[in-house]
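Structure first, then comments.
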Amino acid sequence: MSEPKTKGVLYLVATPIGNLQDITFRAISVLQEADWILAEDTRVTGKLLAKYEISTKMISYHKFNLKRQNKTVLSFLESGNRIALVSDAGTPIVSDPGYELVNLAIDLGCDVVPIPGACAFLSAYMASGFGNEGFYFVGFCTKFDKKLLEIDVPLIFYEAPHRIISFLKKLLDFFGDRKVVIARELTKLHETFYRGNLADFVGNSDGLMIKGEFVVIIDGCKDEASYDDAFILRELQKEIDKGLSHKEAIKQICLNFELKKNRVYSLSLQLK
Ligand code: SAM
């Protein structure tokens, strides 16, 4: 009796998000030893392969051809091939194509093996200073759901470079003036962290180099008790200094920090 055919393996291989040195030894050997590499953009991945002298053949695999390519890849897996999926940058599947293939490979009985490495949102979170008690990864977000307002851990967003300014404005309008960390060009020459409140950057983007790639992290919702009186008074004064009347400043602060009007009004009486 012939041996049952061994199923192939699907490797999900993280690649650098800018700095080509951010790749693991294991990722390099998996890419070298794979039978095929599925690449979102073969030119982008080609540069990485050239740097590490990897000559494995590539197959184009992106959101516009993945339905068709899945069939081919499944037949390769069925005949025992080792397939490595990479995206243009970072960790495959994270806001990148391929999760359907993961499920198809699982259904086929193949091993699906993650090869961890660079990831833009984790790099941004590590250096954000937002703590270590969890986060909510939203990724790209075109429409904000109300449930996001109640999340009390930092929220992490991806945004395309050409939309960053309008995106920050949308965040301010929807969430109020929350604390924000904007991580630009992570791991690259011009890596920069901008820290402040959303209003600091909206309408005043001069300090924000708007070229490049961005991860945006905003603070989660805070309950009323977490804002002390001194903080609220300072924020009220800032609004008044911008030219708002007392009444308008109270309204703005209630909106920005989801505070009860009575409290902000009584505090405002301390201001001249
Ligand atoms: N799979 C990738 C990962 O692991 O982070 C994310 C791919 S997603 C299509 C691309 C988005 O990730 C960009 O629009 C940007 O928001 C973020 N991004 C990727 N590289 C970045 C970098 N070097 N600096 C800042 N953000 C980056």
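Quick note: the coordinates plus some simple rules give every number you see, no bench work behind them. On a predicted model such as this, the values are computed, not experimentally measured, just so you know. Don't worry about glycine lacking a Cβ; one is built from the backbone with ideal geometry, like all the others, and counts go over all protein chains shown.
For region 95-153, chymotrypsin sites (Phe, Trp or Tyr not before Pro) meeting the loop criterion (DSSP other than H, G, I, E, B) and having at most 13 other Cβ atoms within 10 Å: PHE140.
Beta bridges from DSSP with both residues in the chain: antiparallel share about 45 percent, rounded to the nearest 5. Given the rule -39500 (n - 2.57) for each run of at least 4 DSSP H residues, summed and divided by the residues of the chain, what is its mean residue ellipticity at 222 nm, to the nearest 500 deg cm²/dmol? Rounded to the nearest 500, the figure is -11000 deg cm²/dmol.
For the peptides 51-64, 148-161, 85-98, residues were scored by their other Cβ atoms within 10 Å and the scores averaged per peptide; the highest-first order is 85-98, 148-161, 51-64. A straight Cα-to-Cα reach below 27 Å connects LYS247 with the lysines LYS146, LYS169, LYS170, LYS179, LYS222, LYS238, LYS260, LYS261, LYS272, residues fewer than 8 places away in its own chain not being considered.
Our coupling estimate for region 44-60, obtained by passing each phi through the Karplus curve with A = 6.51, B = -1.76, C = 1.60 and θ = phi - 60°, is 5, 5, x, 5, 5, 5, 5, 4, 9, 6, 9, 10, 4, 6, 10, 10, 6 Hz, Gly and Pro reported as x.
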